[in-house]
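Working notes, structure below.
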Amino acid sequence: MPSPYAEELRFLFPALKTDEPLSRHTSWGIGGPADYYLEIHSSEELAKLFVWARAHGLPLTPLGLGSNLLVSDKGIRGVTFRLRGDFEALRFEGDRAVAGAGVLLPQISRAAAERGLTGAEPFCGIPGTVGGALQTNAGTPEGDIGRLVREVRGMDVDGRVRRWGRDDIQFVYRGSSLGGQTVISVDLQLRTGKKNDILASMDQQLKRRAERQPLGTKNCGSVFKNPPGEYAARLIEAVGLKGFRVGGARVSLKHANFIENVDHATAADVQTLLDALRSAVRHRFGIELELEVWTVGEL
Ligand SMILES: Cc1cc2nc3c(=O)[nH]c(=O)nc-3n(C[C@H](O)[C@H](O)[C@H](O)COP(=O)(O)OP(=O)(O)OC[C@H]3O[C@@H](n4cnc5c(N)ncnc54)[C@H](O)[C@@H]3O)c2cc1C
């Protein structure tokens, strides 16, 4: 596909990639090409990108670790970017953690534990970045990221830094009101605890994950939200679809709310499988399963 803006963008960002397969950047290993793909290393670079994209009317898509995303086989139009460099900085101020949007969640859990700070343990096994986690309000039954937020900083389309206090943002089960805003960093409020207890709790949580989840396969975590008072995995098992396969995508034999890419699965395979699961559960239980993974591009 021709890339009409490649020369201009490469002048501003020499490391620009065009038609970059997003299957390289998602935990499912699925996704067509990004027209333009960039790693952005500082707020100044990000502001430059935003101002340029606005002037040219090109859409922008931030990407974290791609661990909660179903990217279309047709890919993503416009510029897809990942925040690295300055955005991967993590520091502590007393009992607060100040993390850039590109920091990995388990890194926060581990560093907080080493300092005897509690609150971030639930993130120890979530393979995502701060930016993705704030959009999706990532967490576990032990707690989500939203409940720790003191302040989120983001950048608006004019390249200006914006700040949202805790009360300016709504966090709900696997969602937040930040939709569409680009997050650049967060302040998290932790509490003093006992280092050994914190480390023991994290070990326990990681052990539980290893027992229940198909770690080491290409997956995207839970694909559906748990309906109130129910478990999506239980419903899928009850309709007999554990292990059900469409193309290269299969419902995990270990955890029925996980879909694994077992053999060059496409986004279309996953979409067909998701539709089949939803329809079977609706038919049998009258429950509408809601997606937990986010979709991007035309599916
Ligand atoms: C094995 C496994 C286990 C998992 N377990 C859990 C779990 O226990 N709990 C849980 O909540 N999730 C879980 N997940 C899902 C996923 O890891 C989390 O949702 C994670 O927070 C997603 O972060 P990410 O950086 O990968 O975001 P991505 O998947 O890259 O992006 C998710 C969304 O956030 C947006 N986004 C990314 N960065 C930014 C930014 N800087 N500013 C604005 N928007 C941005 C993207 O555009 C996209 O819409 C699991 C996934 C796997 C593979």
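The values are calculated or read from the model by the stated rules, or taken from the named source; none is laboratory data. Please read these numbers as outputs of a predicted model, since none were measured by experiment. Heads up, the Cβs are rebuilt from the backbone with ideal geometry, glycines too, and the neighbour counts pull from every protein chain shown. What goes into the accessible areas is simple: the full protein's heavy atoms, side chains included, and nothing from ligands, DNA or RNA. Shrake-Rupley method; radii C 1.70, N 1.55, O 1.52, S 1.80 Å.
Side notes on the structure shown:
- Using Cβ point charges alone (K and R +1, D and E -1), the dipole size of segment 1-157 about the Cα centre works out to roughly 60 debye.
- Separation of segment 210-244 from segment 73-120 is 27 Å, based on Cα centroids.
- Classification of segment 1-152 by its C-alpha gyration tensor yields a prolate form. The axis ratio a/c (a ≥ b ≥ c) is 1.5 or more, and a/b outweighs b/c.
- Estimated dipole of the chain in Debye, rounded to 20 [Cβ of Lys and Arg +1, of Asp and Glu -1, Cα centre]: 680 debye
- Förster-model FRET efficiency, 35 Å R0, A6 and Q170, C-beta, rounded to 0.05: 0.35
- Where labels lie 7 Å past Cα in the beta-carbon direction, separation of K225 and H264 in nm: 3.6 nm
- Sorting the segments 134-147, 96-109 by their residues' average number of neighbouring beta-carbon atoms within 10 angstrom, most packed first, yields 96-109, 134-147.
- Cα gyration tensor shape of the chain, rounded if a/c is under 1.5, else prolate or oblate by comparing a/b with b/c: oblate
- Note on K195: aspartates and glutamates with a C-alpha under 17 Å away, same-chain residues under 8 apart excluded, are D95, E114, E121, D203.
- Cβ-placed point charges (K, R +1; D, E -1), dipole of segment 6-83 about Cα centre in debye, nearest 20: 140 debye
- Projecting the Cα positions of A55, F81, L70 onto the charge dipole of segment 6-83 (unit charges on Cβ atoms of Lys, Arg, Asp and Glu, taken about the Cα centre) puts L70 furthest along the positive direction.
- Carbon-plus-sulfur accessible fraction, the chain (probe radius 1.4 Å, protein heavy atoms only): 50%.
- Over segment 129-213: Kirkwood hydrodynamic radius from C-alpha pairwise inverse distances, Å: 14.3 Å
- Cα lying deepest toward the dipole's positive end in segment 161-291, options G179, A267, L215, charges on Cβ: L215
- Working note: 222 nm ellipticity from helices only, DSSP H runs with n ≥ 4, each -39,500 (n - 2.57), summed and divided by the residues of the chain, gives -8500 deg cm²/dmol to the nearest 500.
- At full extension, R160 and A55 could sit 36.3 nm farther apart than now, given 0.36 nm per residue minus the alpha carbon distance.
- Cα-based reach from K48 at 30 Å (exclusive), listing lysines while leaving out same-chain residues under 8 positions away: K17, K74
- Short to long, the 10 Å bins of the Cα pair-distance histogram for segment 149-299 hold 9, 28, 28, 25, 9, 0 percent of all pairs.
- A straight Cα-to-Cα reach below 30 Å connects K194 with the lysines K207, residues fewer than 8 places away in its own chain not being considered.
- Stretch gain in nm, segment R208-R147, where the contour uses 0.36 nm per residue and the Cα spacing is subtracted: 19.7 nm
- For the chain, the residue among A15, G143, H25 whose Cα projects farthest onto the positive side of the dipole built from Cβ charges is G143.
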